[in-house]
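Mind looking over this structure? Questions follow.
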Amino acid sequence: MNIENQLKNTIQQALSSLFEVSEAVTLQPTKKDFEGTYTYVTFPLVKQLRKNPVEIGNAIGNYLLENSKLVSKFNVVQGFLNVSIADSAWVDTLNQIITDKNFGFLPKNGQSVMVEYSSPNTNKPLHLGHLRNNFLGYSIAQILEANGYDVVKTCLVNDRGIHICKSMLAYQKYGNGETPESSGIKGDHLAGKYYVLFDKDLKQEVAELVAGGMPEDEAKKKAPSIVAAQEMLIKWEQGDEEVVALWRKMNEWVFAGFNETYKKIGVSFDKTYYESNTYLLGKDVVEEGLQKGIFFKKENGSVWIDLKEEGLDEKLVLRSDGTSVYITQDLGTTDMKFKDFNNDKSVWVVGNEQDYHFQVLFAIMKKLGRSYADGCYHLSYGMVDLPSGKMKSREGTVVDADDLAEEVRAEAENVAKERGDIASMSSDEQQHLFNMVGLGALKYFLLKVDPKSRMLFNPQESVQLQGNTGPYIQYTHARICSVLRKAEAMQVPLNQLVNVSELHKIESDLIYLIGEYPTTIKQAALDYSPAIIAQFAYELAKTFNQFYAEVSILNEPDANKLQFRIALSKTIAETIAKAMKLLGIDVPQRM
RNA sequence: GGUUCCAUAGCUCAGCUGGAUAGAGCAACAGAUUUCUAAUCUGUGGGUCUUAGGUUCGAAUCCUAAUGGAAUCACCA
């Protein structure tokens, strides 16, 4: 049992033996300005016991001193009982952690979870918003796995629909047989280029129609380009050979481009679904709902569900012409996913603009009596804003994922060449490092803020490598590795239990922090928040760097202390590496 | 208009189920290397936690209202 839980138990004993009360005990970390590690607040007991808080604090404190080996001293400030933990208890804790090969991983819990993320459209390249989605999804999958789940990562590719036809139309018009090979443009960027061209034409047509006196709403529906796109979509659905062939060709370009990007940014999927295969699903679910009397038909033949009781509204699930809407398809796809993998839980990593959609989807699944309905979770993350405002792909005000990755990589290269420890590396190793550090900066930057909140992306700050950044933490790891290499050369044993009697305050702080790792990853899973882990990794790295500046590790004459500091440093490096891995960030041996 | 979410230092963000004098990073300024990686460390300045009420021994945190902002409410996806 860890120190915190032992202490809680002893306080509970104190409460019952001193005051005959049984209360759940919660502890909080002691504020930096006061002496102690854990603080117990006695204010709530005042009314119940009719004693003053200081008296209560002292009574409990003395009980702890007498009855627990963990506690070395205490102090009471008003209603706060600050408890200091004995150095020996910290050393024991470190030894336990060293011994525990699975430290920081929860045992398998027998449950499985699907994490669906990324979900790109095949008409344009990935941008900054996708990056937040991808990093979040991948990280959440890692975090759930560390918490004992079996995880299936899936990606649902939106590879059909009117938006795809737009790129295709513009390509027919302007393409001249251009290919990624002939142009040297990455496939997804090439498709995106035509998507933008389409929109340019469309805008002009609308402007002309409006100038001719047509209302803007109508013009947007009647512009020749948009009509042509709709016709093309119908042809596609009818299986028109020419259209399907073009669709195949352009999609392949895009997939090749996506795969390159995914590989570069280090995300992956166990299974990819394509909407071109799933878009007709869900009509059977509509039929089922009608039979069960959960859905109802309006006069024009359209099918609806009434979700007023759930605080939502009436919602269309099938058009009057019998064709699907977005939610129809999702009903079918959700059934299919659970049929395929039979997961206990399913997480959709999708932006918060779709909050309403998922409320409706889950409410319908519940009404239909799906056994999995309670295990569905929409990980709703906030938009990424730019200093210039909102990103809009059609207007070209997006930050491209590939460009951004290259930018941070280049910055990492600059800094490494200026002050990195890279002289002994081969050119390949150097390139590998620049990538690792650049990506580390980008991932950490996007993951360190609470997923739920909208965030501002400042390009200048995102390539920063100092302060609260990924590279700062990577650097700390490399720094420890450097010390460990020297220790090894000095023949200090690296993998032995340690025995010292007296610690620096900062050393016990570090052990305290390492000990918080298991609760941190549990909390991260509960909240679906990689940010909690980012925070933890930063705190640990920062405290180590303070320790490093304050206390000499390798120059310690006392062999036991030297060995202790090495063991402590090594454990910190391992913990940093584990935490960063959950964020999808690798850490280098040197940098 | 309905619903949901947000408002903390110049900027970007932490602040867990209410607890002590509200914390980091960036930016600014001043320092630290005969010694383990200076992508580091130390220090200084910077706050009516949007506003007004309420609950409480105790509120950035909970409740109500106001103000400002965002998303969504399509027979779009």
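Viscosity 0.692 mPa s, temperature 37 °C: give me the Stokes-Einstein translational D for the range A:3-85 in µm²/s, with Rh taken as the Kirkwood radius over C-alpha pairs.
Value of D from the Cα-based Kirkwood radius: 265 µm²/s.
At 1.4 Å probe size, what's the solvent-accessible area of A:Trp90? Round to the nearest 10 Å².
Rounded to the nearest 10, that gives 10 Å².
What angle, in degrees between 0 and 90 and rounded to the nearest 10, separates the Cα long axis of helix A:355-367 from the longest principal axis of the Cα atoms of chain A?
Once rounded, one gets 90 degrees.
Not counting ligands, DNA or RNA, and with a 1.4 Å probe, what is A:Val415's accessible surface area in Å² rounded to the nearest 10?
A:Val415 exposes around 30 Å² with every protein chain in place.
Hey, another quick one. Viscosity 0.692 mPa s, temperature 37 °C: what is the translational diffusion coefficient of chain A from Stokes-Einstein with a Kirkwood Rh over Cα pairs, rounded to a whole number of µm²/s? Numbers along the way, then the final one.
Numbers: Rh = 27.9 Å.
This corresponds to a translational diffusion coefficient of 118 µm²/s.
Looking at chain A only, what percent of DSSP beta bridges run antiparallel? Nearest 5 please.
Given both bridge residues lie in chain A, the antiparallel proportion sits at roughly 50 percent.
May I ask which residue of A:Val437, A:Ile364, A:Thr476 lies farthest towards the positive end of the charge dipole of chain A, with charges of +1 (Lys, Arg) and -1 (Asp, Glu) on Cβ and the Cα centre as origin?
Result: A:Thr476, furthest along the dipole toward the positive end.
Rounded to the nearest 0.05, what FRET efficiency do A:Glu539 and A:Lys417 have when you use their Cβ-Cβ distance and R0 = 22 Å?
With R0 = 22 Å, the Cβ-Cβ based efficiency is 0.15.
Okay, moving on. Nearest 10 degrees, 0 to 90: what angle lies between the long axis of helix A:401-419 and the longest principal axis of chain A (Cα atoms)?
That helix lies at roughly 40 degrees to the long axis.
Quick one: what Rg and Dmax do you get for the range A:255-414 from the alpha carbons, in Å?
Spelled out, the Cα radius of gyration and Dmax of the range A:255-414 are 19.6, 67 Å.
Give me the three principal axis extents of the range A:401-582 from the C-alpha atoms, as integers in angstrom, largest value leading.
52, 43, 24
Here is a further query. At 0.36 nm per residue, and after removing the present C-alpha to C-alpha distance, how many nm does the segment from A:Ala207 to A:Val77 gain when stretched out fully?
Result for the pair: 39.6 nm of gain on full extension.
Oh, and also: Under a point-charge model restricted to the Cβ atoms of Lys and Arg (+1) and Asp and Glu (-1), what is the dipole moment magnitude of the range A:163-215 relative to its Cα centre, in debye to the nearest 20?
So the dipole magnitude of the range A:163-215 works out to roughly 60 debye.
Assign unit charges at the C-beta atoms only (+1 for Lys and Arg, -1 for Asp and Glu), then state the dipole size of the range A:3-85 relative to its Cα centre in Debye, rounded to the nearest 20.
The calculated dipole for the range A:3-85 is roughly 100 debye.
What are the lysines whose alpha-carbon lies under 28 Å from the alpha-carbon of A:Lys73, with same-chain residues fewer than 8 places away excluded?
Of all the lysines, those that pass the test against A:Lys73 - Cα under 28 Å, at least 8 places apart if same chain - are A:Lys8, A:Lys31, A:Lys32, A:Lys47, A:Lys51, A:Lys505, A:Lys542, A:Lys561.
Just name one of A:Met455, A:Gly467, A:Pro518: the one whose Cα is farthest towards the positive end of the charge dipole of the range A:425-576 (beta-carbon charges, Lys/Arg +1, Asp/Glu -1).
A:Met455
Which angle between 0 and 90 degrees, to the nearest 10, do you get for helix A:326-341 versus the longest principal axis of chain A when only C-alpha atoms count?
For helix A:326-341, the angle is close to 50 degrees.
I'd like to know which of A:Gly36, A:Leu49, A:Asn62 lies farthest towards the positive end of the charge dipole of the range A:33-73, counting +1 on Cβ of Lys and Arg and -1 on Cβ of Asp and Glu.
A:Leu49
Okay, moving on. Once the whole set of protein chains is in place, how much accessible area is left on A:Met383, using a 1.4 Å probe, in Å² to the nearest 10?
Around 40 Å² of this residue is reachable by solvent.
A follow-up question, please. What's the magnitude of the charge dipole for chain A around its Cα centre, counting Lys and Arg as +1 and Asp and Glu as -1 at the beta-carbon? Answer in Debye, nearest 20.
700 debye
How much net charge surrounds A:Glu309 when only the other residues with a Cβ under 13 Å from the Cβ of A:Glu309 are counted, with Lys and Arg +1 and Asp and Glu -1?
Summing Lys/Arg as +1 and Asp/Glu as -1 gives 0.
Something else: Would you mind checking the pairs A:Lys264/A:Lys417; A:Lys101/A:Lys153; A:Lys297/A:Lys366; A:Lys443/A:Lys522; A:Lys448/A:Lys486; A:Lys69/A:Lys448 and listing those with alpha carbons more than 28 angstrom apart?
Working: A:Lys264/A:Lys417 22 Å; A:Lys101/A:Lys153 26 Å; A:Lys297/A:Lys366 20 Å; A:Lys443/A:Lys522 21 Å; A:Lys448/A:Lys486 33 Å; A:Lys69/A:Lys448 38 Å.
The pairs that break the limit, which is 28 Å between Cα atoms, are A:Lys448/A:Lys486; A:Lys69/A:Lys448.
How much length would be gained if the chain were fully extended between A:Lys31 and A:Asn9, taking 0.36 nm per residue of separation minus their Cα-Cα distance, in nm to one decimal? Before the final figure, lay out the partial values.
Numbers: separation 22, 0.36 × 22 = 7.92 nm, distance 2.18 nm.
Length gained between A:Lys31 and A:Asn9: 5.7 nm.
Could you report chain A's accessible area per residue, 1.4 Å probe, as an integer in Å²?
Dividing the accessible area of chain A by its residue count gives 48 Å².
State the volume of the convex hull built on the alpha-carbon positions of the range A:324-479, expressed per residue in Å³ and rounded to an integer.
Per-residue hull volume (Cα only) is 175 Å³.
So how far apart, in nm, are the two label points at A:Lys51 and A:Ser17 if each is 7 Å from Cα heading toward Cβ?
1.4 nm
For A:Tyr472, A:Tyr356, give the ranking by accessible area with the largest first, probe 1.4 Å.
Correct descending sequence by accessible area is A:Tyr356, A:Tyr472.
For the range A:1-151, what does the alpha-carbon gyration tensor say about shape, rounded, prolate or oblate, given a ≥ b ≥ c as the root eigenvalues, a/c under 1.5 as rounded, and a/b over b/c as prolate?
prolate
Run the accessible area of the range A:3-85 with a 1.4 Å probe and give the carbon-and-sulfur part as a rounded percent.
Carbon and sulfur atoms account for 47 percent of the accessible area of the range A:3-85.
The values are calculated or read from the model by the stated rules, or taken from the named source; none is laboratory data. Just so we're clear, the structure is a prediction, and the values are computed from it rather than from any experiment. Cβ atoms come from the backbone with ideal geometry, glycine included; neighbour counts cover every protein chain shown. All accessible areas refer to the heavy atoms of the entire protein, side chains included, with ligands and DNA or RNA removed. Shrake-Rupley method; radii C 1.70, N 1.55, O 1.52, S 1.80 Å.
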